[in-house]
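For reference, the structure discussed in these notes is given below.
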Amino acid sequence: MTPFWFDMSDLWIGTFFYGIYLALFCICIYILLRRPHNLGNIVLLVTAVVLFTLSTVLAVLNLILGSGEIDNLNIPFDHLEAAGNIIYGVNNIVADGLVIYRCYSIWEQNIYVVILPIILLVLTSVFGVDLRLPSSPFFALSFATNVLVTALTAGRIWWLYRKAQVYLKADVKHRYLSAIGITVESGVLYSATVLAYLILGAIPGAEIVQGPIFQMLTQVMGIAPTLIIVRVGLGVNVQTSSRDTSTDLEKGRSF
């Protein structure tokens, strides 16, 4: 592949996934603005806006850098790339922080469950913001964090479902299964992309493909948690269902 088409592929892939994210973000904002303005929905709204804003900045930087490479423009490439890497690291902190918080909530505010994910997030943040450090540990830690949090969250929902399915109504069962599905789908979406990036970086001669994968990552990082926000905004979550489960279990024991 010539340098021209390589730069064009970066632009196309980054712009394509940004378009998907833009549509999803509009749906997300529409849903959240129609929800009650309580603290939980405000947190989701602010998080969604922050994630999309940072991803938009990354998309703009991608266009500037790509256009500069194609047209041989005299722009400060090093400074813009450094800024993009820092913004990517910050976006990762926000995205991972959201899924860790959701895991914490589903585990009924059990801080011990999320101690390891928080430690991994801190280490990931250090490697993501400090540009003097190698990037591979950053992506590896981010991958580990997402896999762990996805497993903890989905596992907790599945355990609650198995424990109380005898007492649950059909609509509540559907809510549990939907919550498991969106948790796994969102986790796999980002984790699989990060894993592909790491594998390509380890294969001699395949590093050139990492560029387009990275452009995909800059948007998928925001798409995955925004999918969760949309589903939570639609009421597809198990925090309310957990309370219903406790009530149903108590009723079941009374018979």
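The values are calculated or read from the model by the stated rules, or taken from the named source; none is laboratory data. The structure displayed is predicted, hence computed values, not measured ones. With ideal geometry, Cβ positions are generated from the backbone for all residues, glycine too; neighbour counts draw on all protein chains shown.
Structure notes:
- Flag if Arg132 is farther than 24 Å from Glu81 by Cα and charged (D, E, K, R): no
- Phe139 being touching a residue at least 40 places away in the same chain (Cβ under 8 Å), in contact with a Gly (Cβ under 9 Å, 6 or more places away or on another chain) and over 25 Å from Val232 (Cβ atoms): yes
- Residue within the range 232-244 that is modelled with pLDDT of 80 or more and crowded, with 18+ Cβ neighbours inside 10 Å present: no
- Asp78, sole failed condition from (1) over 24 Å from Thr53 (Cα atoms); (2) not in a loop (DSSP other than H, G, I, E, B): (1)
- Sole exception among (1) part of a helix (DSSP H, G or I); (2) under 30 Å from Leu63 (Cα atoms) for Trp159, by number: (2)
- Scanning the range 162-195 for residues that are in a helix (DSSP H, G or I) and hydroxyl-bearing (Ser, Thr, Tyr) yields Tyr176, Ser178, Thr183, Ser186, Tyr190, Ser191, Thr193.
- All positions within the range 81-125 that are among the polar types (S, T, N, Q) and surrounded by 20 or more Cβ atoms within 10 Å (Cβ to Cβ): Asn91, Asn92, Thr124
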